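Have a look at the structure below before the remarks.
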Amino acid sequence: MMEKKIVLTRPAETPDAAPAQASDSSRITVELPQPTPPYSREKTGSTPPPLWGRLGGGEQLPSPMDGGERRRQSRRLLLQGAGVLAVSAAATATLAPQSASATPKGQEGDAVPAMRTIRFRGQPRTGMASGKPALPSAAVIALNRMGFGPRPGDIAAFNALGSTDIDRLTAYVDQQLDPASIDDSACDALIASYAFETLGKSQAQLWAEHIKSDAAKDWRYRRLPVWETERVAFVRLLHSKRQLTEMLADFWHNHFNVYGWDSWIQSTFVHYDRDVIRGNILGNFRKMLGDVARSPTMLYYLDNQSNSGGNPNENYARELFELHGLGAENYFGVRKMTDPEIVDGEGKRKGYIDSDVYGATTCFTGWRIDGDTGLFKFDAASHFPYSKVVMGEIIEDFLGEEDGNIVLDLITNHPGTARYIARKLCRRLVSDNPPESLVQAAADVFYANRTAADQLKKVVRTILLSEEFRTTWGDKIRRPFDFAGALLRATQCNYDPKLDNFFWWYNAMGQSLFGWHTPDGYPDVASAWNSTMPILQRWRFVNDILEWKIGGEGADKDNKRIVVDGILPTDVATPEEIVDFWSQRLLGYLLPAAERAEIVEFMAFGRGTDSDLPPDQIVERLRYMIGLILMSPSFQWR
């Protein structure tokens, strides 16, 4: 059988030039297209947020194309090879796997290095079956899907929680669902050390100081609240022990998505993140829905601030039904309110129709933000006061603000909302296509507890302690935010939130925080993130962050922010041992054979894969080998 070779090509930069082609049938050509904007759905007239930093200081920020020498020639050549090997690792998941050679490959004229016993050989190795990865330990599943991946020591701590996987998982779930019981003082102290200015400001303070004051005429100061919220999110992602809180905060930010960098939204974004989203993630959905509806962030984002009886604006009402509440899966289209197809056998509405959106629009007329205080107010003069019909219910005349509350109650108490929210939570926490039995189980808990103060906590617990949660792997891939978090945590990166260069690299992957323009939020399925360009940008991110230096003028300015030296045990010296040690450290399990073989060969560099490497070769190639593990298919799963 002819051996296949993986060849990377890039399209020519001039329109007339043809891309490089494989010259024979023994090659597989993987074409890498030029970058495209990550935003596929945008509001009319809007433009994507800049990828290369937003706030900046007084200094001139370099562009992503500056610093042509920021990668040494040796590094560039090695990582070109790394890219080929990463493609090969992905390709071998679908091709027949080839085993790593155990035969020494001493270079001509060199003595073959001494053989040694492979210490990891007796351990179970994960593998690919029918294109899906093997099921890892309960610790790996929990730490990756309830949070952003393990830091060194986290798996051992999880395993100490009980004598069986179910006992350990139950203990960890209950611990994470009680975040106040988790000592996070070290993370809190680290955040305090960065001296953020806005994170403790009230809603009224944010409005007064970042919208109304003279200082707010400086766009940097006006934008500071969302900028600091973005930066501290990565501090918490990396250092917080309350990992489920961070995962759920990300989920609800996307469920109630707003474009955070808008002129009227950015200045109060701390309030939206802290009080509206994080303040409700384990609480009651009806309360969260009401807090979102009354927040300046949502009132401005979906234009309800301008919704009045004489000039109705349906933007908020439509997204309330389609995205926030019942979901498009319960939309019956344009129908008459008397259509028998939209009611069940008991005469109750199965879902919503366009007339419900229009009725709800008038219910929310007059819901406003006070321009002086930044707080919610009801403007009776702008409200449509007469009777409305929503979801088959007649809302009486002259109820004022209560009209909107009735609509929120109708949506919250509909069984379709329970199924829709449960499905989205199952998709985030279990798989892209969660089994209907799990969705319904979570929906039943949601519906039965719709007045409970801890309703969402109970729903999440049902999902996390399900058999489907602990027996599913390979049905989710990491979005860029998940990927960056896992990388930062696994490598214990010395992340500095005040430096913009991290965000130049991160944003290029396509999931800038609070940067999705349309109200549907970033997609949460693999097909949105596993094509060529998103994966290529991940490789670039790995390359850049592995070379990230402390910088500044101190004696440590040339030190790397990811330390790899001094970690490898002195008795681990063969390519196979080194790859196995680092895959255990970064992933929590050994790489599947196909992926491992490619990385072992890279580390061996022509020597025997189970022969001792010279210390200088280990030092020379170790950082790049770690990069390959981070680029591997295995590091994409969650």
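The values are calculated or read from the model by the stated rules, or taken from the named source; none is laboratory data. Being a predicted model, the structure only gives us computed values, none of them experimental. So basically every Cβ, Gly included, is an ideal-geometry build from the backbone, and we count neighbours across all protein chains shown.
Of note:
- When 217, 212, 201, 241 are screened for being surrounded by fewer than 22 Cβ atoms within 10 Å (Cβ to Cβ) and under 30 Å from residue 158 (Cβ atoms), only 241 passes.
- Residues of the range 585-621 that turn out to be in contact (Cβ under 8 Å) with a residue 24 or more places away in the chain, of a type in the set (D, E, K, R) and within 28 Å of residue 149 (Cβ to Cβ), as a count: 6
Results for (1) part of a loop (DSSP other than H, G, I, E, B); (2) surrounded by fewer than 23 Cβ atoms within 10 Å (Cβ to Cβ); (3) of a type outside the set (S, T, N, Q), shown as yes or no for each residue.
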residue: 417; (1), (2), (3): no, no, no
residue: 422; (1), (2), (3): no, no, yes
residue: 426; (1), (2), (3): no, no, yes
residue: 442; (1), (2), (3): no, no, yes
residue: 452; (1), (2), (3): yes, yes, yes
residue: 457; (1), (2), (3): no, yes, yes
residue: 461; (1), (2), (3): no, yes, yes
residue: 473; (1), (2), (3): yes, yes, yes
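- Residue list for the range 369-396, filter: crowded, with 21+ Cβ neighbours inside 10 Å, of a type outside the set (A, V, I, L, M) and touching an Asp or Glu at 6+ places or on another chain (Cβ under 8 Å): 383, 388
- Selected residue (only one of 630, 622 is assigned to a helix (DSSP H, G or I) and buried (at least 21 other Cβ atoms within 10 Å of the Cβ)): 630
- Residue 150 meets all of the listed conditions (1) free of Cβ contacts under 8 Å to residues at least 12 places away in the same chain; (2) within 30 Å of residue 225 (Cα to Cα) but one, namely (1).
- Test result for residue 607, basic (Lys, Arg) and closer than 21 Å to residue 493 by Cβ: no
- Tally, over the range 577-614, of residues that are more than 24 Å from residue 545 (Cα to Cα) and of a type outside the set (A, V, I, L, M, F, W, C): 10
- Answer residue from the range 177-198, given it is polar (S, T, N, Q) and within 20 Å of residue 232 (Cα to Cα) and is surrounded by the most Cβ atoms within 10 Å (Cβ to Cβ) among those: 198
- Given (1) of a type outside the set (A, V, I, L, M); (2) touching a residue at least 60 places away in the same chain (Cβ under 8 Å); (3) surrounded by fewer than 14 Cβ atoms within 10 Å (Cβ to Cβ), index of the condition residue 339 fails: (2)
- Some residue of the range 542-554 being within 27 Å of the chain's Cα centre (by Cα), modelled with pLDDT of 95 or more, under 23 Å from residue 155 (Cα atoms) and among the polar types (S, T, N, Q): no
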